[in-house]
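Beneath this line is the structure, given in structure tokens, with notes to follow.
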Amino acid sequence: MKLPSVSYSDVIKALSRAGFTYAPKRGKGSHIAMYKIDENGKRRLVIIPRKKNIPKGTLLSILKQAGLSKEEFLELLK
């Protein structure tokens, strides 16, 4: 499954739908941090660069940090 080209605001909207919250003390300058406590009580921290188009490799890394599959992410983008 191919991932579309997305902006950082699209990623933030999708992660918000997945239950992630803005972490104001973690994101600095050109990056935004979001976190979520998963069902095991583990904190998942995701760092998102403020870019108009997030590179594919960076997007895959964000999905891995978030514990999301490509399919789950594509559903959240809708």
Notebook entry, point to check: Going down the list Lys36/Lys70; Lys13/Lys51; Lys2/Lys36, which pairs span over 22 Å between their C-alpha atoms?
Noted result: Lys2/Lys36
Checklist line | Rg to Rh, two decimals, where the chain supplies the alpha carbon set and Rh follows Kirkwood | finding: 0.93
Notebook entry, point to check: When the chain is modelled as a GNM with alpha-carbon springs shorter than 10 Å, which of Ser16, Ser61, Ser30 fluctuates the most?
Noted result: Ser30
Note to self: If the elastic network links every pair of Cα atoms under 10 Å, which of Lys56, Lys64, Lys42 fluctuates the most in the Gaussian network model of the chain?
What the structure shows: Lys42
Notebook entry, point to check: Given region 29-68 reduced to its alpha-carbon atoms as identical point scatterers, what log10 I(q)/I(0) does the Debye formula return at q = 0.19, 0.21, 0.25, 0.29 Å⁻¹?
Noted result: -0.56, -0.66, -0.85, -1.01
Next item on the list: Rounded to the nearest 0.05, what FRET efficiency do Ser7 and Asn40 give with R0 = 35 Å and r taken as the Cβ-Cβ distance? Could you check?
Entry: 0.70
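Every number in this text was worked out from the coordinates using simple rules, so none of it is lab data. As the structure is a prediction and not an experimental result, all values here were calculated from the model. Reconstructed Cβ throughout: ideal geometry from the backbone, glycine too, with neighbour counts over all protein chains shown.
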